[in-house]
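Each remark here refers to the structure printed beneath this line.
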Amino acid sequence: MTQILTMVAQRLALGLLTLFVVSLIIFLGVELLPGDLTQAILGQAATEETVAAFRKELKLDLPPHERYIAWLGGILQGDLGHSLANKRAITELMGVRLWNTLFLAFISAVISIPLALGLGILAALYRNTLYDRMVNIFTLSSISFPEFFVAYILILVLAVQLGWFPSISNIGEELGFWERVYRSILPALTLTLVVVAHMMRMTRAAIINLMASPYIEMANLKGLPRARVIVKHALPNALAPIINVVVINLAYLVVGVVIVEVVFVYPGLGQLLIDAVRTRDIPVVQATGLFFAAAYILLNLTADVLSILTNPRLLHPR
Amino acid sequence: MNDDAAITDTPEPLLKMTGLRIEGQADEQWNEIVHGVDVVLHRGEVLGLIGESGAGKSTIGLAAMGYARPGCRLSGGDIVFDGVELRSASENYKRDLRGVRIAYVAQSAAAAFNPAHRLIDQFAEAPVHHGVKSRAEAEADAKDLYRQLQLPYPEQIGYRYPHQVSGGQLQRAMTAMAMSCRPDLIIFDEPTTALDVTTQIEVLAAVKDVVKQFNTAAIYITHDLAVVAQMADRIMVLRYGNLVEEGTADQIINHPKEDYTQRLLAVRTYRKPDADPPSEEPLLRIEDVSASYSGSARVLENIDLEIGRQRTVAVVGESGSGKSTLARVITGLLPPEDGRILFEGEALPPALPQRTREKLRRLQMIYQMPDTALNPRQRLRDIIGRPLTFYLGLTGRKREDRVRELLEMIELEPDDFIDRYPTELSGGQKQRVCIARALAAQPDLIICDEVTSALDQLVAEEILKLLQRLQDELHVSYMFITHDLATVRAISDEIVVMLQGRIVEQGTKNDVLTPPHHDYTDLLLSSVPEMEIGWLDRTLAEREGRRSRGEKVLESADQ
């Protein structure tokens, strides 16, 4: 057990290190952007004095490393800085939107993960049959289309023609849980269609990969039905690669939602990022960027730990 | 009345396969691999199926369960088990049969147990699923059977995962699992092939005991005639999917009719003539070498060893005894922690990168698995030619001529073979190519790591004879790592016996093989099955007798 705890601690430390490097990259990346920030915000007409005053207010007159340390120090204390556009604290600005993004990711995950695993297991069970081929064709085509295209097709069919769901997902805190779920269905479906193929194919491949193992033959020769052989004997040993792919897709559900949020006017982090880029609201861009990186690293870390935990050799040492 | 008498004289057999034909798929084509074999098995009878790889013994064994591996199909004949024809039976009927009335024991228990589940869960699966026993009954039964099969801690061992249990124990746990529904028939598919001899004897005894006690019929598949002589009532000798000879164990072992059976029986008789030990300075001298992997427990401790010119030194021991590690230390793959290695009296640098190309040339290696030791994308011309260029700088015409010479040396026709890829060779031919590749460097010492273990007995014997002829012609020395004592008897001048990283006994072949031995050498030698019916019972009785007289009897480390 201590072995596993040490391992988790090591991974966590590595994750923090990665996050630190990412913060450097984000800061430098923004620093390297061409043009003067104050000029861009205040416009060409601004006088020298106002520009200088504004620079001082933003602390842009300080050398970069000092600003970086101040920024990092603020983050460590839970202060992400203030938006340039409306002067509000970024933590406050991100708060609601962060929950909205996580809510959407959660709904999509609840639909897509069981669906992908189920389809994958069935595809392995009925390998090379018509069903297997149809599932492959369908999921592969859905992943091949750009997200916005899938989104517009869904809007066209389910919102415009059938009128089942709203085409704009303007959710707010005043709405009840189910109302929010209802309004988030279309973006969640779009995301599901994008991620399900990857997970389903990995589930299928990981299981089929094991079907030639002697212990699978043994299970067959015990007279167990095929479904039981796959679920009880192949799946537990195929979990490590499946978990990895599932988590990578979960990370995508959190950080890759920008386009989908824009299409459905969903008030999430992606929208915030797009708006901030448009208005050159640098502190907001930096903060959201850092949050996306953190989410990505944390999820991948979870994947590593989980896939190691599914290995009985590590869980039950000699 | 006469009719009735006839029926009681020849009761309905438990299993009757007539004209069994099985096809295998290769390159989109179906080829017949078993050509109409008849098998009859009565209740409580043990039938041995023997033959080399490709004889179809496993395929026939599995066919008795109405099962064909993926890529194979049962294409003809009848398989009648207890009155029902299985080839035409429904999948559901066969599923209800498997695990309940016919069970299977696989060759490698380590691979055939699911790594994700505890032993007892896997034991209980068949009886509970088929409704033979409740979970609690199955668990109690598992513990009983574990006890009968003499597994240590029978109450607890079932709650372990497969990787927590040794190979010999796993094989017994698998036999217990096959017994879980008290089947009428068990197929044993080479159940002891992957085990060390000292462990094999225990497993054989346990299997024999339990089969007898429950009056279970068994098909015992093996390539080892000495093993089948201990286990079977009746033996069928198979080759290329045909029956060669069938008879009682006594008929086959003591009075074989067919030439092929006689050759199989004669395999272990080849023996290198004794030679006087050389008086000159040894080629390789290992002084007080100790080694470990990344600072963990010592794998080798204080090894002292000499290999003379044109001598064959056999290093024997069970898996885990450190014999392969010794080879890694000598080749420089694993630098020793202590001690030194002298080559012609001169110290060899401990690590591979520090050795000159000339030093590397003089020490070559041949591996256990010729399949993985040869690059499948290269023709023999390149495989054998590469060391010629690398070590000796041969190119063009000279290199080509030398490759042909080497191919002739290993008895492969140059014109026919030089452009072949490894996949176009048989296992024995591949090992020959590995030998040629080692010889290309004109080494003084070749380390042979279990070079015959992956080969059939007849092929292995040809390889041993070839190695011997090459030694006589080229005066090369061999260090022969093996767990197979028949090989040791055949080829060695000197024997080194290893146990848990130490040398327990060493000397000339006659010294080591004639008593008195070190206790461990004795255990090792007395555990090698002999081609004699009743050897197993006799040996076990002998050991039991010594134990009851209070004498010390060493036991396998894999208890």
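Enumerate by residue number the trypsin sites (Lys or Arg not before Pro) in region A:57-140 meeting two conditions: DSSP loop (anything except H, G, I, E, B), and at most 11 other Cβ atoms within 10 Å of the site's Cβ.
The qualifying sites are A:LYS59, A:LYS87, A:ARG88.
Just the number, please: percent antiparallel of the DSSP beta bridges in region B:12-266, rounded to the nearest 5.
Here the share of antiparallel DSSP bridges comes out near 60 percent.
Post the alpha-carbon centroid distance, region A:252-318 to region A:56-103, in whole angstrom.
Going from one Cα centre to the other spans 18 Å.
Loop only per DSSP, at most 12 neighbouring Cβ atoms within 10 Å: give me the GluC sites (Glu not before Pro) in region A:170-261, ordered by residue number.
Here the sparse-neighbourhood loop sites are A:GLU173, A:GLU174.
For the Cα atoms of chain A, what angle does the longest principal axis make with the long axis of helix A:2-31, in degrees from 0 to 90, nearest 10?
Approximately 40 degrees, to the nearest ten.
Taking the Cα centre of region B:284-525 as origin and charging only Cβ (+1 Lys, Arg; -1 Asp, Glu), how large is the dipole, in debye to the nearest 20?
1040 debye
Run the dipole for chain A about the Cα centre, Lys and Arg Cβ at +1, Asp and Glu Cβ at -1, nothing else charged, and hand back the magnitude in debye, nearest 20.
Magnitude of the dipole: close to 1540 debye.
Give a residue-ordered list of calculated ³J(HN,Hα) values for region B:43-49 (Karplus: 6.51 cos²θ - 1.76 cosθ + 1.60, θ = phi - 60°; whole Hz; x for Gly, Pro).
Karplus values, whole Hz, x for Gly and Pro: 4, x, 9, 10, 10, x, 10.
In whole Hz, with x marking every Gly and Pro, tabulate ³J(HN,Hα) for region A:110-123 from phi via Karplus 6.51 cos²θ - 1.76 cosθ + 1.60, θ = phi - 60°.
Computed from phi, the couplings for region A:110-123 are 4, 7, 7, 5, x, 4, 5, 5, x, 4, x, 5, 5, 5 Hz.
Of the beta bridges DSSP finds with both residues in region B:399-526, what % are antiparallel, to the nearest 5?
Roughly 55 percent of the beta bridges in region B:399-526 run antiparallel, per DSSP.
Find out how many positive minus negative residues lie around B:THR222, taking Lys and Arg as positive, Asp and Glu as negative, among other residues whose Cβ is under 10 Å from that of B:THR222.
The answer is -2.
Choose one of A:LEU98, A:TYR266, A:LEU224: the residue whose Cα lies farthest towards the positive end of the charge dipole of region A:98-280 (beta-carbon charges +1 Lys, Arg; -1 Asp, Glu; about the Cα centre).
Toward the positive end, the furthest listed residue is A:LEU224.
Among DSSP beta bridges lying fully in chain B, give the percent that are antiparallel, nearest 5.
Close to 55 percent.
In whole angstrom, how far apart do the alpha carbon centroids of region B:140-175 and region A:178-239 sit?
Value for the Cα centre distance between the two parts: 32 Å.
Add +1 for every Lys or Arg and -1 for every Asp or Glu among the other residues with Cβ under 13 Å from the Cβ of B:LEU536, and state the total.
-4
Using a cut-off of 12 Å between beta-carbons, work out the net charge of the residues near B:VAL210 (Lys and Arg +1, Asp and Glu -1, B:VAL210 not included).
Charge balance in the 12 Å sphere: +3.
Of B:GLN171, B:VAL228, B:THR193, which is farthest towards the positive pole of region B:12-266's charge dipole, taken about the Cα centre with +1 and -1 on the beta-carbons of Lys, Arg and Asp, Glu respectively?
Farthest towards the positive end: B:GLN171.
What is the order of A:VAL22, A:VAL257, fewest Cβ neighbours within 10 Å to most?
Ascending Cβ contact count within 10 Å gives the list A:VAL22, A:VAL257.
Using the Karplus equation 6.51 cos²θ - 1.76 cosθ + 1.60 (θ = phi - 60°), what ³J(HN,Hα) coupling, rounded to whole Hz, does each residue of region A:188-200 give in order, writing x for Gly and Pro?
My calculation for region A:188-200 gives 5, 4, 4, 4, 4, 4, 6, 9, 5, 4, 4, 5, 5 Hz in order.
Rule-based calculations on the coordinates, nothing more; no lab input. No experiment lies behind these values; they were computed from the predicted model shown. We place every Cβ from the backbone using ideal geometry, glycine too, and count neighbours over all the protein chains shown.
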